[in-house]
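Please treat every number below as a calculation from the coordinates, not as lab data. Small disclaimer: the values here were computed from a predicted structure and weren't measured. Please note: Cβ atoms are built from the backbone with ideal geometry, for glycine as well, and neighbour counts cover all protein chains shown.
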Amino acid sequence: MANSSRASARVEAQGRGDKSQGGLGAGDGRRAAPPLALADVPAEVLVGYYRQMKLVRAFELRASEMYTKAKIGGYCHLNLGEEATVVGLMAALRPTDYLFTTYREHGYALARGAPPGRVMAELFGKATGSSRGWGGSMHLFDASLRLMGGYGIVGGQIPPATGAALAIAYRSGPGPDSEAVMCLMGDGTTNIGAFHESLNLAALWRLPIVYVIVNNGLGMGTPVDQASAEPELYKRGCAYRMPGARVDGCDVLAVRQAAEAALSAARNDRQPSILEAVSYRLRGHSVVDPARYRPKEEAERLRSLDPVPAFRARLVQAGVMDEARAAQVDAEADEAVADAVRFAEDSPFPDPSQLFDHAYATAVPNAPSYLPGDPLPA
Amino acid sequence: MAEMTYRQALHDTLRAEMLRDEAVFLMGEEIGVFEGSYKITAGLLAEFGPRRVRDAPISEEGFVGAAVGAAMLGLRPVVEIMTLNFSLLAIDQIVNHAAKIHAMFGGQASVPLVVRTPGGGGQQLAATHSQNIEVYYAHMPGLKVVAPATPADAKGLLAAAVRDDDPVMVVENLALYNTRGEVPDGDYVAELGRAKVVKEGTDITVVSYSRGALVALEVAGRLEAEGISAEVVDLRSLRPLDRPTICASVRKTTRAVVLEDDWLSYGVGAEVAATIQEGAFGYLDAPVRRVAAAEVPLPYSKPLESAALPSAAALLKVAHETLDATGFPR
């Protein structure tokens, strides 16, 4: 499903059921706007996008390696193949916006500006990690970046993200300077109840939020059209009169443009919407998944669409950067990730004496702080 | 001090907290126009408007989760879930999110959320509407769970919950809404995490909470008439559990009975009994007994329902048996 769609237009949009409305509502120019071309974007910005995509790629490859070396525990889900989606979405987001993500979120944290060392340290379970070693791969958090968490329960982030948008609307009115929320999820998530309850609330209360569905075609091993009765996921808001759009998740500029339009509608018109980025996973569901359910030809076809070398070639071909510059960016990404691994290696583990430090935000009498085998307070 | 109902105490506290802090807002099903299924929020929509008294559609997971997110951004949502039973529809947001977010993100975020919801059987509401499942939440690190028994505690514990930076479940009780009691005037905030000896005694300790605490006091009165001095400990807070107060009482009385409206197996009484046997074993003159609900889905028909629920008579009988087991003269 995901793959057949990529041949179609870069952005498809569906209105609120009111044909005169169209797209994301009047005035946002979503349908009218021509696709963003390389020439529309300053060269340094484009190189910056490539730098971020390459950083995510390099980081994830090293994370995979570190996982197999048992430096990383638990589950480890990678953004390999999704780099254009990751960087395009983060480019559209302002520092004042809030981001709620899934458990496949290393790349989002990096593209949002989290220091790679802190992200890698979190994967290593170190005290210097993004969540001080409490969250791991699935639960990165950075208040200063308004990265409000990776969430391990599929779709668990959707109601809180909706509530964050409620908090924004509670405090201030719409307008170009309004904060907004971006809530990420995977394709499989659109089948859970919390997704539908949240869409209903956001549409009913007109909340400044964009629900981004990163559709990589597979919920673990299940194809989208075997899990969702409406496999064109951007249409799943229609019961809530919520507009949706689908964008080629391998095109960083198209993703950025579509996300900006959706965020603009959220800011200015309090119009929540769905943005479906059709993307793919270069590898399995998690590091330990060999993805044997994917036909060989399909895997090869997907590799040919790999957005990182594609964007590199596009920039070189257009003369935005020459081969030497590209090679330098590649080297810098590898170096940044090597530094991140060193930082993670050198960082201390949290001390077991800190086990109860985050039990509660407000101290309370009789808070349990006994270890296994300790006598109970009496 | 003013005498008022438990319902009035909750209402007045919500109103006072909303007046005190602009970040406090209410959200729930039918709390605005309908003024609440049990009228706790009566008049508040008219006074504060729909921004601060937000009627939510029937979608517990959605609006409880939305309250979690609003709390992460610094608001202080007080959510009403129509009854404790329906909290099961929101349990992923309460247990996997509200309870986890502070620790899981290394202390960088907090969730100052209050979930108010009444439990309680005995209203002929049958199996799905009569459950006392407070232990589901009392089991969870990261949550605070209180179950006030009196109008004074309804005020003090709710105010404390609203001002606390952690998610707090305030488990109310359908059978208590119309009960009356003295309530301290002005800004009265109780301490979370503390039990209270609500009647002192020397011969036997009865540990209970919520509706059960009132039954325990009634039974203590009857024992008093027989010349038996019973001490009553009202837990008030189920998480954290005030183990030292329980043990101190039993060290004095040497006997204990727990009265709980939840089901016996794995219930509050099990935790209290384990606490006592570990913390006051050498002082015990008799096994700790529990008086809890019969382990069936609660039936509708009145004789069946009454038979299933713990009663004053059952507590009195078990108190007598506990005293008799130690040769207590009576």
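For the range B:196-324, what is the percent of antiparallel DSSP beta bridges, rounded to the nearest 5?
Numbers: 3 of 15 bridges.
Looking only at bridges with both residues in the range B:196-324, the antiparallel portion is about 20 percent.
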What residues have an amide H closer than 5 Å to that of B:ASP262, excluding those fewer than 5 places away on the same chain, when H is modeled at 1.01 Å from N in the peptide plane? B:ALA293
Work out from phi, with θ = phi - 60° and the Karplus expression 6.51 cos²θ - 1.76 cosθ + 1.60, the ³J(HN,Hα) of each residue of the range B:223-240, listed in order in whole Hz, and give x for Gly and Pro. 5, 4, 5, 8, x, 10, 9, 9, 9, 10, 9, 9, 4, 6, 10, 8, 8, x
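Could you tell me which of rounded, prolate or oblate describes the range B:267-311, using a ≥ b ≥ c as the square roots of the eigenvalues of the alpha-carbon gyration tensor, with rounded for a/c under 1.5 and, failing that, prolate when a/b is larger than b/c and oblate otherwise? Before the final figure, lay out each step's value.
Values: a/c = 5.90, a/b = 3.01, b/c = 1.96.
Judged from the Cα gyration tensor, the range B:267-311 comes out prolate (a/c at least 1.5, a/b above b/c).
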Per-residue ellipticity at 222 nm attributable to helices in chain A (runs of n ≥ 4 DSSP H, -39500 (n - 2.57) apiece, nearest 500 deg cm²/dmol) works out to -12000 deg cm²/dmol
With an 8 Å cut-off on Cα pairs and a minimum separation of 6 or more residues, tell me the relative contact order of chain A in percent. 24
Could you check what % of the DSSP bridge pairs in the protein assembly as shown are antiparallel, to the nearest 5? 25
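Please sort B:296-306, B:28-38, B:277-287, A:266-276 by packing, taking for each peptide the average over its residues of neighbouring beta carbons within 10 angstrom, highest first.
Values: B:296-306: 13.5, B:28-38: 19.2, B:277-287: 15.4, A:266-276: 25.0.
Output ranking for B:296-306, B:28-38, B:277-287, A:266-276: A:266-276, B:28-38, B:277-287, B:296-306.
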Label the range B:90-232 by shape, choosing from rounded, prolate and oblate, from the square roots a ≥ b ≥ c of the eigenvalues of the Cα gyration tensor; if a/c is under 1.5 it is rounded, and otherwise prolate applies when a/b is larger than b/c, oblate when it is not. prolate
Can you compute 3J(HN,Hα) from phi for each residue in the range B:94-105, using the Karplus curve 6.51 cos²θ - 1.76 cosθ + 1.60 with θ = phi - 60°, rounded to whole Hz and x for Gly and Pro? 6, 7, 7, 10, 3, 6, 9, 4, 4, 6, 5, 9
In chain B, if every C-alpha pair distance is counted and binned at 20 Å from zero, what percent goes to each bin? 33, 56, 11, 0
Row for the range B:28-123, column shape: gyration tensor on C-alpha, a ≥ b ≥ c, rounded if a/c < 1.5 i.e. under 1.5, prolate if a/b over b/c, else oblate; value oblate
Over the Cα atoms of the range B:196-324, what Rg and Dmax result, in angstrom? 13.8, 44
Only loop residues by DSSP count here, and only those with at most 14 other Cβ atoms within 10 Å; note down the chymotrypsin sites (Phe, Trp or Tyr not before Pro) in the range A:274-317 that meet that. A:TYR293
Once the range A:174-244 is represented by equal point scatterers at the alpha-carbon sites, with solvent omitted, what log10 I(q)/I(0) does the Debye formula produce at q = 0.13, 0.17 Å⁻¹? -0.39, -0.63
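On average over all directions, what projected area in square nanometres does chain A have, based on the convex hull of its Cα atoms?
Details: hull surface 83.8 nm².
Orientation-averaged projected area of the Cα hull: 20.9 nm².
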Tell me, what is the percent relative contact order of the range A:173-306, built from C-alpha pairs under 8 Å that lie six or more residues apart? 30
Taking the alpha-carbon set of the protein assembly as shown, what are its Rg and Dmax in Å? 28.6, 101
Considering only the other residues whose Cβ falls under 12 Å of the Cβ of B:ASP166, what net charge follows from Lys and Arg at +1 and Asp and Glu at -1? +3
Within a Cβ distance under 13 Å of B:THR150, other residues only, what is the Lys/Arg minus Asp/Glu net charge? +2
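Could you work out the relative contact order of the range B:196-324? I mean the mean sequence separation of Cα pairs under 8 Å and 6+ apart, divided by the number of residues, in percent. Before the final figure, lay out the partial values.
Values: 242 pairs, mean separation 34.1, N = 129.
Normalised by residue count, the contact order of the range B:196-324 is 26 percent.
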Could you list, in their original order, any pairs among B:LYS100/B:LYS155; B:LYS39/B:LYS302; A:LYS126/A:LYS296; B:LYS196/B:LYS317; A:LYS69/B:LYS144; A:LYS235/B:LYS39 whose Cα atoms are separated by more than 32 Å? A:LYS126/A:LYS296; A:LYS69/B:LYS144; A:LYS235/B:LYS39
